[in-house]
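Worksheet for the structure shown next.
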Amino acid sequence: MGIIRGNVSTLSLADLIQTLIQNQKEGTLTVSSADARKSIFFDRDGLRLLSAAPKGIPAEEEIYELFLWKEARFEFVEGPPAPNLRTIKDRTPPLKTDVNSLLIEAARRLDEINLLRMTITNGSSVFVLTQKGRQLLARAPHDPAICVLLGRLDGIRSVSHIIAESDL
């Protein structure tokens, strides 16, 4: 049974997933950061997210979040999932999208996040926390995209108040 260990700073998650799919590997990929951990099972039927996602959030969304993790470690263990993950695998359907579509969408989202980071750091924008933003923050307070925004966020004052203060 093979094991692959590494860090996303040395091998991108997209490259790793592509390699596992191309070589038709069956096994569990676990990606973990300081405060989060997600597992994905690869088999002939496709990918299955083995982490307990919040209700109503598609598994694809949970996987896209992994591509934003900068300081994450990964481990791929070939073979069936660990006993504690087998019941989750049995009740989790394979993802509805093919792997190439998943990787293309993840790359697109990563590009958006990088553009957002550049926009935020140039200091020419004012950001407020919307209702959807509050929900995302509650769901993933350590998400890198959200952390970037929090430093530039003024969610207490209204937009009209901020604009009035700026004499626009």
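With a sphere of radius 12 Å drawn around the Cβ of residue 114, what net charge do the other residues whose Cβ falls strictly inside it have (Lys, Arg +1; Asp, Glu -1)?
Neighbour charge sum, excluding residue 114 itself: +2.
Could you name the lysines whose alpha carbon sits less than 25 Å from that of residue 132, not counting residues in the same chain fewer than 8 places away?
List returned: 38, 55, 70, 96.
FYI, it's all coordinate maths here, none of it is from the lab. From a predicted model like this one, the values you see are computed outputs, not experimental measurements. We place every Cβ from the backbone using ideal geometry, glycine too, and count neighbours over all the protein chains shown.
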